[in-house]
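Read-outs throughout are calculated quantities, based only on the coordinates presented, and are distinct from any laboratory measurement. These numbers were taken from a predicted model, which means no experiment stands behind them. So basically every Cβ, Gly included, is an ideal-geometry build from the backbone, and we count neighbours across all protein chains shown.
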2 protein chains.
Amino acid sequence: MSTEHEMVRQLSQAGYRVTRARRAVIRALLDDDGYSTPAQIHARARSHDPGVGLVSVYRTLDLLSSLRLARRIHTEDGCHGYASASRGHRHHLLCRRCGAAVEFEGCDLSPLLRRVESETGYAVEEHLLELVGLCPACR
Amino acid sequence: MSTEHEMVRQLSQAGYRVTRARRAVIRALLDDDGYSTPAQIHARARSHDPGVGLVSVYRTLDLLSSLRLARRIHTEDGCHGYASASRGHRHHLLCRRCGAAVEFEGCDLSPLLRRVESETGYAVEEHLLELVGLCPACR
DNA sequence: TTGTGTGCAAAATCTTTGCACTTCG
DNA sequence: CGAAGTGCAAAGATTTTGCACACAA
């Protein structure tokens, strides 16, 4: 999980402006240690900065995703979640009850990938992996 | 990949009626060896049975997903795809260029799961895994 | 100062629901 | 026959776009 400062730095380093709206969305993302819908993020962003529009939330989430500072979360009931993310190759582990999200790394899929590649003839380039379960508090 | 006959049998075995609309959706799913949006599936379903409504496509896809005869496909640009699926624990490998989808099985994640569980305290119950790459034809 | 980014309102999508009519079993 | 399922139209929800204005750098 990144800090606000780091995320802001990454934004500006990538040549994007650090605006009020973007700051508010970043704070909203970090406020919650789970994943949230754009609408929920918008609500929290407004508590930091009441003028933020929903449109900017969408645009900022897209931007942060492209910079890998946020990640899209896929759930069974619609796919409208985002969670803050660290740089590098990470995946999320989600609590199905309270929505808490933690990151983990070190998914070693190479044996699987090699096998699937040779079985199918595909060239595998990326993968989507999410784990779902119960967090310690919800158990 | 299941055949139409198998899918129909599963449907009826589970206590659901085998209707024209459901048959058309099943055929539409099997027509294409990739994943498709509800709208695309609707278009193909209509070629089998012009009277099928989009609503029935949505309802049938939900039903088939719950029976594990179809699976929701998650893509970066929206998450609105479905592909036919075999019963049992399988995952999909998708071609990012043409959308072809093949299933594979035997994802051995247990070492990873055990590690993540002990690191996080979560009880992992399920996982979402999708591979994306280029199919033989698109390479 | 200047062009990137914003908010608003409206448009475009996508998905679900209510309801009378069909149809499968 | 009777309940499950359907199609239509309309409602609801979600996401995108156009555009004048604001404000980071």
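Results, tabulated for the structure shown:
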item: Local electrostatic count, B:ALA137, Cβ distance below 12 Å [Lys/Arg +1, Asp/Glu -1]; result: +1
item: Other-chain or far-sequence residues with amide H under 5 Å of B:ALA100's (modelled H); result: B:CYS95
item: FRET efficiency, 1/(1 + (r/R0)^6) with R0 22 Å, evaluated for B:ASP33 and B:ARG9 via beta carbons; result: 0.55
item: Helix axis angle, B:110-120 relative to chain B longest principal axis, alpha carbon, degrees; result: 70
item: Placed amide H near B:ALA70: partners under 5 Å, 5+ positions off or other chain; result: B:SER65, B:ALA85
item: Footprinting exposure proxy for A:ARG114, B:ARG46 (fewest neighbouring C-beta atoms within 10 Å first); result: A:ARG114, B:ARG46
item: Between region B:103-139 and region B:70-84, the alpha-carbon center distance in angstrom; result: 17
item: Magnitude of the charge dipole, the protein assembly as shown, Cβ model with Lys/Arg +1 and Asp/Glu -1, debye to 20; result: 720
item: Degrees separating the helix A:20-31 axis from the principal Cα axis of chain A, which is the longest one; result: 50
item: Highest-fluctuation residue, A:ALA21, A:ALA43, A:ALA123 considered, GNM on chain A with Cα pairs under 10 Å; result: A:ALA123
item: Chain B, relative contact order in percent, only Cα pairs under 8 angstrom and at least six apart counted; result: 21
item: Nearest 10 degrees, 0 to 90: helix A:4-13 Cα axis against chain A principal axis; result: 80
